[in-house]
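Derivation of every value follows stated rules applied to the coordinates shown; laboratory data play no part. Just so we're clear, the structure is a prediction, and the values are computed from it rather than from any experiment. Every residue, glycine as well, gets a Cβ built from its backbone with ideal geometry; the counts of neighbours run over all protein chains shown.
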Amino acid sequence: MAYQFDFIPVLHNADLLLQGALFTLGLTAVGTLLGVGLGIVGAVLRAWQIKPFNRVFGLYVELIRNTPFIVQLFFIFFGLPALGVRMNEWEAAVLAMVINLGAYSTEIIRAGIQAIPHGQLEAAAALALNRFESFRHVVLRPALAKVWPALSSQIIIVMLGSAVCSQISTEELSFAANFIQSRNFRAFETYLVTTLLYLAMAILIRQLLAWIGRRYIVGAR
């Protein structure tokens, strides 16, 4: 018997999918702000060889980049309580995303900082710019402009990777999809719609980041 497609049961739960998508976007927004901030700190410490923090960040980057995201998430949510550190699903998911994105963005931004010619720093000193102004205008913004496409792609990868947060009952999009599928048993239809939602969110985030790059990073230099 040919399979009969039926998207009605999925559409009846469109509100759950929408809530899950918004939850995912919220996770991504918080994780991106904190993760990129952590990455900037790590990039500066590593690019300028500020001891002993550069070695600490070097170990952190190697640890995170060479272990699965889901293991990092499980360690935070299930492992840390053994040491008395307890957090809810939202906090654990955000922390895991921040730590993961922070490691990758450290290396991405570091590459941008190291690509800045030393002569630009000397020119900034000649113009009597203070350290903060030199870092902001001569180091950070040009560095971000160089690596913005790569950083944007990594942010989207982290957003897509947040789907595994459903394993600790974080109520993001994949959690909502699993719940709906367990109720209506329309796996093909449910996950097809979910796939399209993830695709739409990835495109939305990419366009938003491209606009931010043009408006505040590349175009503002």
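How large is the helix-only mean residue ellipticity at 222 nm for the chain, computed as the sum of -39500 (n - 2.57) over DSSP H runs with n ≥ 4, divided by its residue count, in deg cm²/dmol to the nearest 500?
Details: 9 runs with 151 residues, N = 221.
Estimated from H runs of four or more residues: -23000 deg cm²/dmol.
Amide H neighbours of residue 171 under 5 Å, counting only residues 5+ apart in sequence or on other chains, H built in-plane at 1.01 Å?
Hits under the 5 Å cutoff: none.
Sort out for me the Cα centre separation of region 143-198 from region 49-86, rounded to whole Å.
Each part reduced to its Cα centre gives a spacing of 23 Å.
For region 106-118, what does the Karplus curve 6.51 cos²θ - 1.76 cosθ + 1.60, with θ = phi - 60°, yield as ³J(HN,Hα) per residue in whole Hz, taken in order and with x for Gly and Pro?
Karplus-based 3J(HN,Hα) across region 106-118 equals 4, 6, 5, 6, 4, 4, x, 5, 5, 7, 6, x, 4 Hz.
Taking the Cβ of residue 93 as the centre, find all other residues whose Cβ is under 15 Å away and add up their charges (Lys, Arg: +1; Asp, Glu: -1).
Working: positive: 86; negative: 89, 91, 171, 172.
Around residue 93, the charge tally is -3.
Placing +1 on the Cβ of each Lys and Arg and -1 on the Cβ of each Asp and Glu in the chain, which of 43, 161, 59 has its Cα farthest towards the positive end of the resulting dipole?
About the Cα centre, the residue reaching furthest to the positive side is 43.
Using each residue's phi in region 210-216, evaluate 6.51 cos²θ - 1.76 cosθ + 1.60 at θ = phi - 60° and report the 3J(HN,Hα) Karplus result to the nearest Hz, with x for Gly and Pro.
5, 5, 4, x, 5, 7, 10
DSSP loop (so not H, G, I, E, B), at most 11 other Cβ within 10 Å: list which trypsin sites (Lys or Arg not before Pro) in region 48-88 pass both filters. Don't skip to the end; give the middle numbers.
On the way: sites: 55, 65, 86; in loops: 86.
Loop-located and lightly packed - 86.
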